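Below is one structure, written out as structure tokens; comments come after it.
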Amino acid sequence: MRWYSYLAIFVLVWTLCVFINLPFGIRTHDEAGEAKTPGQADSAPANFRPLRVVARTTIMALVICALLVLNYRQGWITSNDIDVFGQPEGFSTGVG
């Protein structure tokens, strides 16, 4: 695989991980015991820290991407391993 394929996979995994990490550690103003700004939504976070979310997301995405790259190179799980239905009866590959 080329370097930009790894980069594309990392970006996709990072994007998925950011949505997984967003709700963790967030408290509303009611839960934190802080005063709300007039007009503010009740569900608005009181303690949102974007750098912490980015750091957790990047670490999580690096670990997942490392596992994906190792699986690609070592061949631990292939498409044949997850073929639960097998080949359909009467199916021909067209070879031979």
## Note on the structure
Expected sort for Glu89, Glu34 with the fewest Cβ neighbours (10 Å cutoff) up front is Glu89, Glu34
### Rounded to whole Å, sorted largest first: equivalent-ellipsoid semi-axes of region 22-65, Cα gyration tensor
28, 8, 8
### Task
For a label point 7 Å from the Cα of Gln40 along Cα→C-beta, name the residues of region 7-27 whose backbone N is under 18 Å from it.
25-27
### Task
Would you work out the relative contact order for the chain, in percent, from Cα pairs under 8 angstrom that are 6 or more residues apart?
30
### Task
Find how much the distance from Ile26 to Ser92 grows on full extension, using 0.36 nm per residue of separation minus their present alpha carbon separation; answer in nm with one decimal.
18.3 nm
#### Entry: Radius of gyration, Dmax [the chain; alpha carbons; angstrom]
22.1, 75
### Message
About the Cα centre, and with charges only on the beta carbon of Lys, Arg (+1) and Asp, Glu (-1), how big is the dipole of the chain? Nearest 20 debye, please.
### Response
500
### Message
Between Arg52 and Val11, how high is the FRET efficiency from 1/(1 + (r/R0)^6) when r is the Cβ-Cβ distance and R₀ = 22 Å? Nearest 0.05.
### Response
0.60
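Values quoted throughout were computed directly from the atomic coordinates according to the rules given, and no laboratory measurement underlies them. Values in this document were obtained by computation on a predicted structure and should not be read as measured data. Glycine gets a Cβ as well: all are built from the backbone with ideal geometry, and neighbour counts include every protein chain shown.
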